[in-house]
Amino acid sequence: MSIIKYVERLRRIDSLIVRRSTGAPCEFAERLGIKRSTLFRYLQDLRRMGTDIRYSAAERTYYYADDRRIYIKIDSLN
């Protein structure tokens, strides 16, 4: 997978988490067009980067437990 596709997917994951509209893990993975195990790898990557991502069974969504987020910016050199 290209770094661009990886970053785009992280941004999509972040967007859904911020809006608290991920759904349960199976739904979240389906929304992203990936397997559940792949989703868990992405979430683990984000946690390793310093985010505190948690899951609320009552709300059926992932959420950030604090204000820390990962911002990734890609600039074109052209």
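Below, the figures for the structure above:
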| quantity | calculated |
| --- | --- |
| Loop-located trypsin sites (Lys or Arg not before Pro) in the chain, at most 16 other Cβ atoms within 10 Å (DSSP) | R19, R20, K35, R60, R68, R69, K73 |
| For a label point 7 Å along the Cα-to-beta-carbon line of R68, residues of region 13-28 with backbone N under 18 Å | 14-15, 17-18 |
| Residues Q44 and A24, FRET efficiency given R0 of 22 Å [Cβ-Cβ distance, rounded to 0.05] | 0.80 |
| Loop GluC sites (Glu not before Pro), region 8-76, which have at most 16 other Cβ atoms in a 10 Å radius of their Cβ (DSSP) | E59 |
| Rg over Rh, two decimals, region 3-64 (C-alpha only, Kirkwood Rh) | 0.92 |
| Contact order relative to length of region 3-64, as percent, for alpha carbon pairs under 8 angstrom and 6 or more apart | 37 |
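All of the numbers you see were taken from the coordinates with simple rules; none came from a lab. Owing to the predicted nature of the structure, the values given are computational and were not obtained by experimental measurement. Cβ: placed from backbone, ideal geometry, glycine included. Neighbour counts: every protein chain shown.
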